[in-house]
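Take a look at the structure below.
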């Protein structure tokens, strides 16, 4: 179905009341907070959408704010969340929750297929958004979110939940590549080792327990029969029960791919690839591939030449630069290849391997501590600070992460098309395979509108 991308009648700026200090760039949020003051007594009114699973990892920092609304499709989770936030009002439908009076912001911890929907609705209501990864599960969703947020940049704070971005190693890796530790950057490959094979959607079994709203969990995706195994995961890993199905996620492309490609994206200053090639397991119409290898060509920019960026998963690994380095022992990692060596890294560690003629590292001098790039600091606090002060920025905003997940989703499009695809990133169109353009978007159930 087509998606209406025109602005809604609801002007998100109506949620901001300009104060007498507007000339200083200060705003009054719906809760009465003066944005820009950063007073420790100022608290955001937040809706937590998805109250269990990944959400439990956010309880600690959310206690420092006002969680005024809690939404979950499973009413059994309310008692757990209300112990932490006893004054919050509860909802089972996020569409109603977003209209809770006086909201400043939302934290989205739902199943992946709701992420882009809720984020877009929240942006339309002038709400700051923290959304767990992946930000979207189609190319079109990623592009629509970016288009919606960019005019609001500097007014609406956004952050995608790739919280490992706050590790100090991210800044150090960026410095090393930019300062020429491996010479001229030539290519990058990221990989993940998770394997969760499924034959297909589970067959119908039983009925949802009282209080579990299966139809709302399905949301904009196609109708599927209920099976209890979709809900057997533990907090923090419950997504591994359903994110490999096409209707509900991108598999490891969106899961660990979001995290490891973030290490790459933080360095390379890229937007959209110009071509994509991918291969993997035989196509299953129900389930994303376990084994996958995808390659993306990026044009040169002002500090590097053209590069190839790759993602490999499910047992597909890059060729090791030295026999004594076994990538099987690095569960999730990234390798940067340059004209004079390699940099291998994960979240917290890095290994520099000089190679080639003249690769004696005499050309590279590490920065003095005073000249080092600053790390993000506390990842969630960075978003809170940006909500209160529009002059501040976040490291994983919706412009940054929408480009990242657009690329990752394009890898699955190329895998399904079975051909190398040429991509016009300005228009969001595959230019050499007309039929593949249909794979850039999802079909939504009647009654679910993306731009609500």
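The values are calculated or read from the model by the stated rules, or taken from the named source; none is laboratory data. On a predicted model such as this, the values are computed, not experimentally measured, just so you know. Backbone-built Cβ (ideal geometry, glycine too); neighbour counts: all protein chains shown.
Being surrounded by 13 or more Cβ atoms within 10 Å (Cβ to Cβ) and either over 24 Å from residue 452 (Cβ atoms) or at pLDDT below 60 (or both) is true for just one of 62, 48. Which residue is that?
Exactly one of 62, 48 is surrounded by 13 or more Cβ atoms within 10 Å (Cβ to Cβ) and either over 24 Å from residue 452 (Cβ atoms) or at pLDDT below 60 (or both), namely 62.
For segment 420-452, what are the residues that are part of a loop (DSSP other than H, G, I, E, B), surrounded by 14 or more Cβ atoms within 10 Å (Cβ to Cβ) and in contact (Cβ under 8 Å) with a residue 40 or more places away in the chain?
Once the filter is applied, which keeps residues that are part of a loop (DSSP other than H, G, I, E, B), surrounded by 14 or more Cβ atoms within 10 Å (Cβ to Cβ) and in contact (Cβ under 8 Å) with a residue 40 or more places away in the chain, segment 420-452 yields 420, 425, 428, 441, 442, 444, 448, 449, 450, 451, 452.
Exactly one condition in (1) modelled with pLDDT of 95 or more; (2) surrounded by fewer than 22 Cβ atoms within 10 Å (Cβ to Cβ) is not met by residue 254; state its number.
All conditions are met except number (2).
This table checks each residue for (1) buried (at least 24 other Cβ atoms within 10 Å of the Cβ); (2) more than 28 Å from residue 333 (Cβ to Cβ); (3) in contact (Cβ under 8 Å) with a residue 24 or more places away in the chain.
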site	(1), (2), (3)
88	no, yes, yes
93	no, yes, yes
118	yes, yes, yes
127	yes, yes, yes
135	yes, no, yes
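For segment 139-169, give me each residue that is under 14 Å from residue 403 (Cβ atoms) and either at pLDDT below 95 or under 14 Å from the mean Cα position of the chain (by Cα) (or both).
139, 141, 142, 143, 145, 146, 158, 160, 162
Enumerate the strands (runs of 3 or more DSSP E) found wholly within segment 294-381, keeping only those where 2 or more residues are within 26 Å of the chain's Cα centre (by Cα), modelled with pLDDT under 95 and surrounded by 15 or more Cβ atoms within 10 Å (Cβ to Cβ).
Answer list for segment 294-381: none.
Take residue 351 and tell me if it is in contact with a helix residue (DSSP H, G or I) (Cβ under 9 Å, 6 or more places away or on another chain) and within 21 Å of residue 176 (Cβ to Cβ).
So residue 351 fails the test.
How many of the residues making up segment 294-324 are in contact with a strand residue (DSSP E or B) (Cβ under 7 Å, 6 or more places away or on another chain) and touching a residue at least 12 places away in the same chain (Cβ under 8 Å)?
Here the count works out to 19.
So which of 264, 290 ends up being more than 24 Å from residue 177 (Cβ to Cβ), in contact (Cβ under 8 Å) with a residue 60 or more places away in the chain and under 21 Å from the mean Cα position of the chain (by Cα)?
Selected residue: 290, the only one of 264, 290 that is more than 24 Å from residue 177 (Cβ to Cβ), in contact (Cβ under 8 Å) with a residue 60 or more places away in the chain and under 21 Å from the mean Cα position of the chain (by Cα).
Residues to consider are 172, 198; find the one that is under 29 Å from residue 330 (Cα atoms), assigned to a helix (DSSP H, G or I) and under 25 Å from the mean Cα position of the chain (by Cα).
On inspection, the qualifying residue turns out to be 172.
Table: residues versus (1) in contact with a strand residue (DSSP E or B) (Cβ under 9 Å, 6 or more places away or on another chain); (2) within 30 Å of residue 399 (Cβ to Cβ).
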{"position": "203", "(1), (2)": "no, no"}
{"position": "211", "(1), (2)": "yes, no"}
{"position": "219", "(1), (2)": "no, yes"}
{"position": "226", "(1), (2)": "yes, no"}
{"position": "233", "(1), (2)": "no, no"}
{"position": "239", "(1), (2)": "no, yes"}
{"position": "248", "(1), (2)": "no, yes"}
{"position": "270", "(1), (2)": "yes, yes"}
{"position": "283", "(1), (2)": "no, no"}
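From 158, 162, 147, 110, which residue is over 30 Å from residue 371 (Cβ atoms) and either surrounded by 22 or more Cβ atoms within 10 Å (Cβ to Cβ) or in the same structural domain as residue 346 (by TED's automatic domain parsing) (or both)?
Testing whether each residue is over 30 Å from residue 371 (Cβ atoms) and either surrounded by 22 or more Cβ atoms within 10 Å (Cβ to Cβ) or in the same structural domain as residue 346 (by TED's automatic domain parsing) (or both) leaves just 110.
Would you be able to say whether some residue in segment 408-431 is under 21 Å from the mean Cα position of the chain (by Cα) and under 28 Å from residue 93 (Cα atoms)?
Within segment 408-431, one or more residues are under 21 Å from the mean Cα position of the chain (by Cα) and under 28 Å from residue 93 (Cα atoms).
To keep it simple, each residue is scored yes or no on (1) farther than 29 Å from residue 406 by Cβ; (2) modelled with pLDDT of 95 or more; (3) not assigned by TED's automatic domain parsing to the domain that holds residue 281.
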residue: 209; (1), (2), (3): yes, yes, yes
residue: 217; (1), (2), (3): no, yes, yes
residue: 233; (1), (2), (3): no, no, yes
residue: 240; (1), (2), (3): no, no, yes
